[in-house]
Every structure is written in structure tokens, then in C-alpha cells.
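Taking it in order: structure first as C-alpha cells, then the write-up.
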Amino acid sequence: MTRVLVAPSILAADFGRLAEETRRMEQAGADWIHLDVMDGHFVPNLTIGPQVVQALRSVTKLPLDAHLMIENPEKYVPVFVQAGADRVTVHAEAVSDLGTIVRQIRGLGAKAGVALRPQTGWEVLKPCLEELDLALLMTVNPGFGGQSFMPEVLPKIEALRKVYGGHIQVDGGINDKTAASTRSAGADVMVVGTFLFRSADPQKAIASVRGE
Ligand code: DX5
Ligand code: ZN
């Protein structure tokens, strides 16, 4: 069986103590660190840029997983890779040619992901499935942490899993219970923000999301 990976979303961390919060998640058994980049255009919120990625690069050995919720992501992919992102995920809704940007990311030596809003069908991934390292199926509308999981995305996870053997990542409203339904549907990478950072015992919370 595929090992389930957990990627804490530092959007839910205490931003005054980001380094400490990141180390706390590494010690608790996190697999990747998920970084939510928002530009105030693609989504109605502003968060972090490459400087924060660079700062965290020296704090942890874990892969840095950058989720770009921005317009014209092709302009910014190089600076995020240079800042230390090991994985870069862009939104299909922000890109006209998925194959080109997937090859751009891989050409820079990073793993390439494509994210879909809850309303976007998985079929848009068809032209680039062969080259894709990760498909991110959003389980909330991108823009903010702390929202409720949308179970209507589950059939999309199942349908994609039938045709795709790479990582299927879910993001938004993931906790011990909602994670179980996404794992059964075929997801193997769980982004977890609020549930994990609010937990008194992050190690236990990570294990529960993995289904252990
Ligand atoms: C939402 C972000 C998510 C979010 C997850 O646009 O992509 O990564 O921070 O946070 P929770 O787990 O609180 O929904
Ligand atoms: Zn995210």
C-alpha cells in the first residue's frame, strides 16, 4: 500500500515564530512543508513570497512544497525554485498551456504539480498526466485556511486515481475524519493546516491523518 504523506500548511502557523513552528512539525513526523503563496489576484488574499521560502530552506531538511495561487505563475516559478522550493504546484486555472509549465518546473530540477479548484474537472490534466509528479485536488475554494472540507470532491479523486499513478494531494479542511475519506478515494498526500497547528499533540495528529 502507498505510504500516506503529511504536509503541514504553515499558513496556520504562528508567523512570528515560523522557524520554530516548522521545526516543531519536522519533529512531529511531517513529510513535506506546504507553503501557500497567494497574490491577491488569483485568490482574494496575500500571503508569502520567495523570501519566506528561502528563510525556511535553512531551517528544515524536509522538501518545501510551494502551492502557487497566483496569476502568471510561469513568471515566478524560477524564483521559487531558486529560493529552495523542491516542489512547485501551479493552478490549472491560471495557466494556458499546462505541458509547457510542467516542463519548465521539471527543467529547473523541481517536482511539478498542478492544482485544481473544487469546480475544475480532472480531465484538464489529461494533456500533462504523463509528466506530472503531483495533482493537487483542492477540497476548499483556495484563498484561506480554516474552511470546511467539500465532500463533493471525493468522486473526482476516485476518477483521477483510476488513470493516474502519481501523487494525489488534497488541501483544505483536512482532519483525522476527512483525511480518511480522501485516502479511501485514492489520495496519498494530505495538506493539513488548522487541525494540525491547533492540536496539542502534533505527532498524534499527523498519525491520525495518516490513518495510523
Ligand atoms: C487554502 C490553502 C490551504 C490551507 C489549508 O487556499 O491552500 O493549504 O491553508 O488549511 P486548512 O487545513 O486550515 O484548511
Ligand atoms: Zn495549499
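The values are calculated or read from the model by the stated rules, or taken from the named source; none is laboratory data. These numbers were taken from a predicted model, which means no experiment stands behind them. Note that each Cβ is placed from the backbone with ideal geometry, even for glycine, and that neighbours are counted across all protein chains shown. The area values use the complete protein model at the heavy-atom level, side chains included, leaving out ligands, DNA and RNA. Shrake-Rupley method; radii C 1.70, N 1.55, O 1.52, S 1.80 Å.
From 185, 112, which residue is buried (at least 22 other Cβ atoms within 10 Å of the Cβ), in contact with a Lys or Arg (Cβ under 9 Å, 6 or more places away or on another chain) and of a type in the set (A, V, I, L, M, F, W, C)?
Numbers: 185 fails: buried (at least 22 other Cβ atoms within 10 Å of the Cβ).
Result: 112 is the single residue among 185, 112 that is buried (at least 22 other Cβ atoms within 10 Å of the Cβ), in contact with a Lys or Arg (Cβ under 9 Å, 6 or more places away or on another chain) and of a type in the set (A, V, I, L, M, F, W, C).
Give all pairs with beta carbons closer than 7 Å in which a residue from region 4-31 that is closer than 16 Å to residue 67 by Cα meets a residue that is among the polar types (S, T, N, Q) and within 11 Å of ligand 1 (Cβ to nearest atom); count only pairs at least 6 apart in sequence or on separate chains.
From region 4-31, the pairs are 11/47; 12/194.
If the Cβ limit is 7 Å and pairs must be 6+ apart or interchain, which residue in region 158-185 that is over 18 Å from residue 7 (Cα atoms) and part of a helix (DSSP H, G or I) pairs with which residue that is open to solvent by less than 20 Å² (accessible area, probe 1.4 Å) and among the aromatic types (Phe, Trp, Tyr)?
Here the result reads none, with nothing in region 158-185 linked to a residue that is open to solvent by less than 20 Å² (accessible area, probe 1.4 Å) and among the aromatic types (Phe, Trp, Tyr).
Within the group 26, 20, 74, which residue is within 29 Å of residue 98 (Cα to Cα), of a type in the set (Asp, Glu) and either within 15 Å of ligand 1 (Cβ to nearest atom) or in a helix (DSSP H, G or I) (or both)?
Working: 26 fails: within 29 Å of residue 98 (Cα to Cα); 20 fails: within 29 Å of residue 98 (Cα to Cα).
Result: 74 is the single residue among 26, 20, 74 that is within 29 Å of residue 98 (Cα to Cα), of a type in the set (Asp, Glu) and either within 15 Å of ligand 1 (Cβ to nearest atom) or in a helix (DSSP H, G or I) (or both).
For residue 96, are the conditions met, namely being closer than 30 Å to residue 21 by Cα and open to solvent by 10 Å² or more (accessible area, probe 1.4 Å)? Break it down into steps so the answer makes sense when it comes.
Values: closer than 30 Å to residue 21 by Cα: no; open to solvent by 10 Å² or more (accessible area, probe 1.4 Å): yes.
No: the conditions fail for residue 96.
Looking at residue 143 and the list (1) assigned to a loop (DSSP other than H, G, I, E, B); (2) farther than 27 Å from residue 40 by Cα; (3) within 16 Å of the chain's Cα centre (by Cα), which single condition is not satisfied?
Among (1) assigned to a loop (DSSP other than H, G, I, E, B); (2) farther than 27 Å from residue 40 by Cα; (3) within 16 Å of the chain's Cα centre (by Cα), residue 143 violates only (2).
If a residue must be open to solvent by 40 Å² or more (accessible area, probe 1.4 Å), away from ligand 2 (no atom under 16 Å from the Cβ) and modelled with pLDDT of 95 or more, how many such residues does region 3-29 contain?
Selection size over region 3-29: 8.
Kindly provide the set of residues from region 118-128 that are under 18 Å from residue 165 (Cα atoms) and touching a strand residue (DSSP E or B) at 6+ places or on another chain (Cβ under 8 Å), ordered by number.
Our first condition is that a residue be under 18 Å from residue 165 (Cα atoms); within region 118-128, this holds for 121-128.
Correct list: 122, 124, 125, 128.
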